[in-house]
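Asks: A single structure is presented below for examination.
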Amino acid sequence: MRILLISDIHANTVALKSVLESAGDVDLIIPAGDIVDYNPWPLEAIEMVQESGMVTVLGNHDRDSATGNPIGYNPAAAVSCKWTHQRLTPEAKRYLLNLPKSVSMEIEGVRFFICHGSPRDPVDEYIFPPPYTPRSLLEDFLRKTQAQVLILGHTHVPLIQKFEEGYVINPGGCGQPRDGDPRASYVVLNVEDGKVELEYRRVSYDVDRVSKAILKEGLPQFLAQRLYLGV
């Protein structure tokens with residue numbers, strides 16, 4: 001089974017389409033939360049997730065855009081969150097708020113655990129690559145979830161760590177990378193008979209189009225500029 005892992009789409013449907021085209025045929029798509037906010041196409045992003053049958057979880061921006069309550073956000077993010085809230089339909093808000101905080105599933109004999117933040121704080125905890133987050137903690141997450149593949153998001157920074165028990169993976173930012181590389185980030189898994197093969201990839205997309213759309217909607221200039229820098 002061929003599985004596409006993405007995270008933090010953040011209403012950037014241009015980047016999402018480039019990732020889908022680059023990844024090619026897959027059997028399943030798993031986004032690790034934050035479908036909306038920051039970029040100008042929240043409803044279109046939700047529609048793409050729904051129509052593709054993606055298995056996704058609740059991100060903090062999904063929750064806070066649906067409620068219109070950006071607590072602890074920086075000024076640009078707070079403006080974007082409220083802008084997104086105003087454009088979401090009642091149906092879209094209900095969809096986002098009904099997303100599960102975590103998902104456990106088995107595919108081809110491999111156990112998966114998916115959340116946006118971490119297993120101990122599924123929506124809000126930031127788990128960065130070691131040494132910021134100790135490898136021992138990542139391994140502990142694997143053991144406690146009894147997963148062979150633990151999928152996280154939230155940081156917009158790729159993380160791939162292999163242990164005897166399995167993998168901890170953050171596929172990085174699809175719609176707003178923050179690791180200094182402006183290209184959209186994703187991971188493809190090949191899962192068969194209890195075994196996992198992993199491929200990490202980047203793909204360029206039309207940043208100019210997204211940046212211009214951000215400015216046209218009156219969203220903060222910083223959100224348009226950061227896409228060129230991957231920050």
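Asks: Within the stretch 106-124, how many residues turn out to be over 14 Å from the mean Cα position of the chain (by Cα), under 26 Å from D62 (Cα atoms) and open to solvent by 30 Å² or more (accessible area, probe 1.4 Å)?
Replies: 5
Asks: So which of E125, E164 ends up being modelled with pLDDT under 95 and more than 27 Å from L43 (Cβ to Cβ)? Working first, answer last.
Replies: Numbers: E125 fails: modelled with pLDDT under 95.
Step by step, each of E125, E164 is checked, and only E164 is modelled with pLDDT under 95 and more than 27 Å from L43 (Cβ to Cβ).
Asks: Follow-up. Name every residue in the stretch 17-51 that is touching a strand residue (DSSP E or B) at 6+ places or on another chain (Cβ under 7 Å), buried (at least 16 other Cβ atoms within 10 Å of the Cβ) and part of a loop (DSSP other than H, G, I, E, B), in order of residue number.
Replies: V26, A32
Asks: Failed condition for Y38, given (1) in contact with a Phe, Trp or Tyr (Cβ under 8 Å, 6 or more places away or on another chain); (2) on the phi > 0 side of the Ramachandran plot, with all others met?
Replies: For Y38, the exception is condition (1).
Asks: Being open to solvent by 30 Å² or more (accessible area, probe 1.4 Å) and hydrophobic (A, V, I, L, M, F, W, C) narrows it down to one residue among V55, V103; which is it?
Replies: Values: V103 fails: open to solvent by 30 Å² or more (accessible area, probe 1.4 Å).
That would be V55, the only listed residue that is open to solvent by 30 Å² or more (accessible area, probe 1.4 Å) and hydrophobic (A, V, I, L, M, F, W, C).
Asks: Look at the stretch 181-196 and say how many of its residues are over 30 Å from V231 (Cα atoms) and either in a strand (DSSP E or B) or of a type in the set (D, E) (or both). Explain how you work it out, then say what you get.
Replies: We begin by selecting, within the stretch 181-196, every residue over 30 Å from V231 (Cα atoms); these are 191-196.
From what is left, the residues that are either in a strand (DSSP E or B) or of a type in the set (D, E) (or both) are 191-193, 195-196.
Here the count works out to 5.
Asks: Also, I was wondering about something else. Going through R226, R209, R183, R202 one at a time, which residue ends up being open to solvent by less than 50 Å² (accessible area, probe 1.4 Å) and within 15 Å of L16 (Cβ to Cβ)? Steps first, answer last, please.
Replies: Working: R226 fails: within 15 Å of L16 (Cβ to Cβ); R209 fails: open to solvent by less than 50 Å² (accessible area, probe 1.4 Å); R183 fails: open to solvent by less than 50 Å² (accessible area, probe 1.4 Å).
Just one listed residue meets the conditions, R202.
Asks: Of everything in the stretch 199-230, what is more than 30 Å from I3 (Cβ to Cβ), outside any loop (DSSP other than H, G, I, E, B) and acidic (D, E)? Give them in sequence order.
Replies: Matches in the stretch 199-230: D208 only.
The values are calculated or read from the model by the stated rules, or taken from the named source; none is laboratory data. Since the structure is predicted, the reported quantities are computational estimates derived from the model, not experimental observations. Using ideal geometry, Cβ is built from the backbone for each residue, glycine included, and neighbour counts are taken over all protein chains shown. Only protein heavy atoms, including side chains, enter the accessible area calculation; ligands, DNA and RNA are left aside. Shrake-Rupley method; radii C 1.70, N 1.55, O 1.52, S 1.80 Å.
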